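Everything below concerns the one structure shown next.
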Amino acid sequence: MPLLPRFFAAWLALAVGGLAQTSSGQSSPPLAVGTPAEVGLSPDRLARIDAMVQDAIAAEHIPGTVVLLARHGRIVHYRAFGSADPQGTPLAPDAIFRIASQTKAITATAVMMLWEEGHFRLDMPLSRFLPEFADPVVLEAYDETSGNYFTRPAKSPITIRQLITHRAGIGYGIIDKDPRLKQIYIDAGITDLFTTEPVTLADNVKKLAALPLLFDPGENYHYSEGLDVAGRLVEVVSGLPFDEFLRTRIFEPLGMHDTQFYLRPGQANRLVTVQQPAADGGWDKYQGTEYYDADYPVKGARTWFGGGAGLTSTARDYAAFLQMYLNGGEYNGTRLLSRTTINTIMAHQSDLGPYAHYGLAFRVLGEAGVAQGGKGGLNTFSWGGYFNIAYFADPGEQLLGIILKQTRNLKQDATSSQFTQMVFAAVDD
């Protein structure tokens, strides 16, 4: 289904889907700067985070990081450490990072905004909107020598819920843990993560739909490209290109002016280089692999809007997104989601081991995770990203933390888990 012309799509967005974000009777203020003491955090204990990060940089565990901590809507710890590139350029707090899989929660949010408008039910077949998924098949056997494979019809259609909860049976190509699915995706020319080539969601999703599933829809949890497909779903349902939907419906209302798929003029000097350890000490630029172009998102065709891993952002911008969730779906007088929808998003969909479950957008901590210690309180939600980034938000404590890095192939790095543990140890009320 081709995208509508942009002028008509804009009209349709106002006429049909303009209620995705509305004014709210609740009016939390935008994130403001405060002091730790004002929000019940210990300045002395927060200083331990700085020392921990500086020690990790000195030991060449990481080249640098930006950390942000906010409580009760106030940013109280927002600092940059180390270097942004192998040349030693100092990292700045407003540096732009490839946020990789932190994109997924934003895409799921877009899906749920359309759900709130009544365009679909979560358990409706995906093929109602993307007919290329009408007759899914499941992988039965694979011949490694020839690359031929054999399939059987799936027992049921893929639903929208399964798509955004990684239960559809879709794989993740080059990073997939199943070697058969990995090779099938490679042979089919599927774009898995980032590209500077002139690839579109529509074309990629059509190719993906023709490939076999790993299992019958709903049978298991398997981390996947489902959120990329969900980006295409947003395009078809809304009539807007995915990047435009995110910009107008999420980023602008939240003041996320440095969040986008491709950098605008004047932003390139703020993009942090992805680094890896150099053979003789220090850091080299990570050159990428067969599925990652190191020049993304500065160069290229700028046509790929990957809902699973494509966005760039800053710590400050992503904090606004998380704060909207802590506020029950509202931010600065604009409501993106109902509080009742937030409850649905956080509810159990799949187990993620003994400590947490997966909802419709996040990893959500359970009682066993709280008992483990250092990860937050009950229902703390979190996720990470391919380039060594992580975030968490604790609704009970009204506390969020973000730690952003751009690294690959590290020999050791415990800064993300230490950051979370130290933040909760700093609670002083």
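The values are calculated or read from the model by the stated rules, or taken from the named source; none is laboratory data. Being a predicted model, the structure only gives us computed values, none of them experimental. Counting neighbours? That spans all protein chains shown, and the Cβs are built from the backbone with ideal geometry, glycine included.
A few comments on the model shown:
- Of residues in the stretch 136-150 being hydroxyl-bearing (S, T, Y) and surrounded by 15 or more Cβ atoms within 10 Å (Cβ to Cβ), the one farthest from D351 (Cα to Cα): Y149
- Qualifying residue in the stretch 404-421 (condition: in contact with a Leu (Cβ under 6 Å, 6 or more places away or on another chain), farther than 19 Å from K104 by Cα and modelled with pLDDT of 95 or more): no
- The set of residues in the stretch 152-178 that are surrounded by 20 or more Cβ atoms within 10 Å (Cβ to Cβ), of a type outside the set (G, A, S) and part of a loop (DSSP other than H, G, I, E, B) comprises I158, T165, H166, R167, I170, Y172, D176.
- Selected residue (criterion: surrounded by the fewest Cβ atoms within 10 Å (Cβ to Cβ)) from residues of the stretch 104-132 that are over 19 Å from A202 (Cα atoms) and aromatic (F, W, Y): F120
- Meeting the requirement of 1 or more residues that are among the aromatic types (F, W, Y) and at pLDDT 95 or above, the strands (runs of 3 or more DSSP E) wholly within the stretch 268-360 are 283-285, 356-358.
- Test: residue in the stretch 307-327 that is under 20 Å from F251 (Cα atoms), surrounded by fewer than 20 Cβ atoms within 10 Å (Cβ to Cβ) and touching a helix residue (DSSP H, G or I) at 6+ places or on another chain (Cβ under 7 Å): no
- The lone exception for A210 - which of (1) more than 28 Å from K299 (Cβ to Cβ); (2) buried (at least 19 other Cβ atoms within 10 Å of the Cβ); (3) not β-branched (V, I, T) it fails: (2)
- Test: residue in the stretch 382-390 that is in contact with a Gly (Cβ under 9 Å, 6 or more places away or on another chain), at pLDDT 95 or above and not acidic (D, E): yes
Every residue, every condition in (1) without any contact (Cβ under 8 Å) to a residue 24 or more places away in the chain; (2) under 26 Å from I164 (Cβ atoms); (3) outside the structural domain of D94 (by TED's automatic domain parsing), yes or no:
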site	(1), (2), (3)
L360	no, yes, no
E367	yes, yes, no
V370	yes, yes, no
W383	no, yes, no
A390	no, yes, no
P395	no, yes, no
I402	no, yes, no
T407	no, no, no
Q412	no, no, no
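- From the list L213, L227, the one residue that fits, being within 28 Å of G118 (Cβ to Cβ) and in the same structural domain as Q183 (by TED's automatic domain parsing), is L227.
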